[in-house]
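Asks: Here it is, the structure in full.
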Amino acid sequence: MSVSSQVSVDKPDVWWLNEEHVPPDDTVWLQRVPDLAVEVRSPGTWRYDVGVKRQRYEAAGLPELWLVDPLDQTFRVLRRSAPAAAHFDVEEGWSAAAGDEAHSAQLPGWTMPVGLLFR
């Protein structure tokens, strides 16, 4: 994904950069693939988010993608097992109904009860 050519199409609902990737000059515009992108299910875009958009993120080298589904009350994480991995080769999923806690390889030590997302 070339951020400059596709960001208007592939802009995630939420994105995060590791502190080491934050531009020193307070640049607001994202000039690189984020370290983490979040897509939240909406009726008009979910199929695109989990299809074409996911493929573009993967091809661009996005390390981790969160897919949050308020309808099913699930939280799914797609990530690479190593920075050089060609594809998302690890998938983890959690459910509010099961009382699961989500975590992220991009945010070591961070956990969140999935149910908090859907209150």
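The values are calculated or read from the model by the stated rules, or taken from the named source; none is laboratory data. Remember, it's a predicted structure, so these values are computed and weren't measured experimentally. Methodologically, a virtual Cβ is constructed for each residue, glycine included, from the backbone with ideal geometry; neighbour enumeration extends over all protein chains shown.
Asks: Does region 32-50 hold any residues that are touching a residue at least 40 places away in the same chain (Cβ under 8 Å) and not in a strand (DSSP E or B), and which are they?
Replies: The answer is Asp35, and nothing else.
Asks: Can we say Trp66 is within 17 Å of Asp13 (Cα to Cα) and touching a strand residue (DSSP E or B) at 6+ places or on another chain (Cβ under 6 Å)?
Replies: yes
Asks: Only one of these is closer than 15 Å to Val14 by Cβ and buried (at least 16 other Cβ atoms within 10 Å of the Cβ): Val38, Val50. Name it.
Replies: After ruling out the rest, the residue left standing is Val38.
Asks: Let me ask something else. Condition (residue is touching a His at 6+ places or on another chain (Cβ under 9 Å), surrounded by fewer than 15 Cβ atoms within 10 Å (Cβ to Cβ) and without any contact (Cβ under 8 Å) to a residue 12 or more places away in the chain) applied to region 101-109: is it met by at least one residue?
Replies: yes
Asks: Residue by residue through region 60-119, note down the ones that are of a type in the set (S, T, N, Q), part of a loop (DSSP other than H, G, I, E, B) and closer than 17 Å to Val50 by Cα.
Replies: Gln73
Asks: Could you list all residues from region 2-31 that are modelled with pLDDT under 70, of a type in the set (S, T, N, Q) and in a loop (DSSP other than H, G, I, E, B)?
Replies: Residues satisfying the conditions are Ser2, Thr27, Gln31.
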